[in-house]
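What follows is a set of notes on a single structure, which appears directly below.
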Amino acid sequence: MQVPKHSRKVRGVDFYPTPRVAVEALLRVERLPHGLWEPHCGVGGIVEPLLDAGHAVYATDIVDRGYSHQSAVGDFLKARMVPDNVDGIVMNPPYAHAALHVQHALKICPYVIALLRLQFLEAGNEKTEAGRARLFCLDRGYLARVHVFKSRLPMMHRDGWAGPRSTSTICYGWFVFDRDHQGLATISRISWRG
C-alpha cells in the first residue's frame, strides 16, 4: 500500500530537523573552516554540533523558529554574498529544491557541504531550472567528496509530525563541493554510530 503524500499547503515550509549524529559523523571525516554559515538552521540540528566543535556559525532560516542562535531571517536564494568571516556553508537544504540551493551556495561561496539523498547524483537536464542547477553542481568538477552513510540515518520526520514514526528508507551522504577542486570526486563510507 502506498503512503499518500501530503500537499505543499499541508507541509508548509519543509523542515526536517537534521540528526545530531549526522553532523558528528561529518566532523570526524572532514576538516571544516572555522567560519561557517548554516542557511537552513531550523532549531540548530547542524549548528549546535558545529558550535560544540569550536566553529563560529552564522545561522539563518527563511522563518523564525525561535532558535536562540539564529542570526537572521531571510530567503537564502536571495543572498548575494556570504556574511563576514564565513569561509564555508554547511546545510541540509529543502530536498524539493536541493539543486537550486547547492548551486546558489556555490555561486557565493567556494566551499559547500550539503546533506543530500544519494539520488542527487542522478539525472539533471537542460529543460528545467532544477535540472540545469544539478548539472552545474555535478558536471563542472566542483564535487570533491561524498561521504556516504553505511547505514540509514535516524528518520528525519517533518517538524510537528504527530503521525506514526518510522525508520528511514532513504540513503544519505554529505556532499562536499569545492570550487578549487580538480579531478574526480572520491567516495567514502562513514558511520553515524560513533
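Gain on full extension, evaluated as 0.36 nm per residue between residue 27 and residue 64 minus their Cα-Cα distance, stands at 10.7 nm.
Rounded to the nearest 20 debye, the dipole magnitude of the stretch 16-190 is 540 debye, with +1 charges on Lys and Arg beta carbons, -1 on Asp and Glu beta carbons, and the Cα centre as origin.
Subtracting the Cα-Cα distance of residue 107 and residue 182 from their residue separation scaled by 0.36 nm leaves 25.3 nm.
Considering only alpha-carbon pairs that sit under 8 angstrom and 6 or more positions apart, the relative contact order computed for the chain is 21 percent. All other residues whose Cβ lies under 13 angstrom from that of residue 117 are scored, Lys and Arg at +1 and Asp and Glu at -1, for a net of +1. First select every other residue whose beta carbon is under 12 angstrom from the beta carbon of residue 107; then total the charges, Lys and Arg +1, Asp and Glu -1. Around residue 107, the surrounding residues sum to +3.
Each of 21, 106, 77 was placed along the dipole of the chain (beta-carbon charges, centred on the mean Cα), and the one lying farthest toward the positive end is 21. When Rg and the Kirkwood Rh are both derived from Cα coordinates, the Rg/Rh ratio for the chain amounts to 0.94.
Every number in this text was worked out from the coordinates using simple rules, so none of it is lab data. The model shown is predicted, which means the values in this text are computed figures rather than measured ones. A quick note on method: Cβ atoms are made from the backbone with ideal geometry, for glycine too, and the neighbour counts reach across all protein chains shown.
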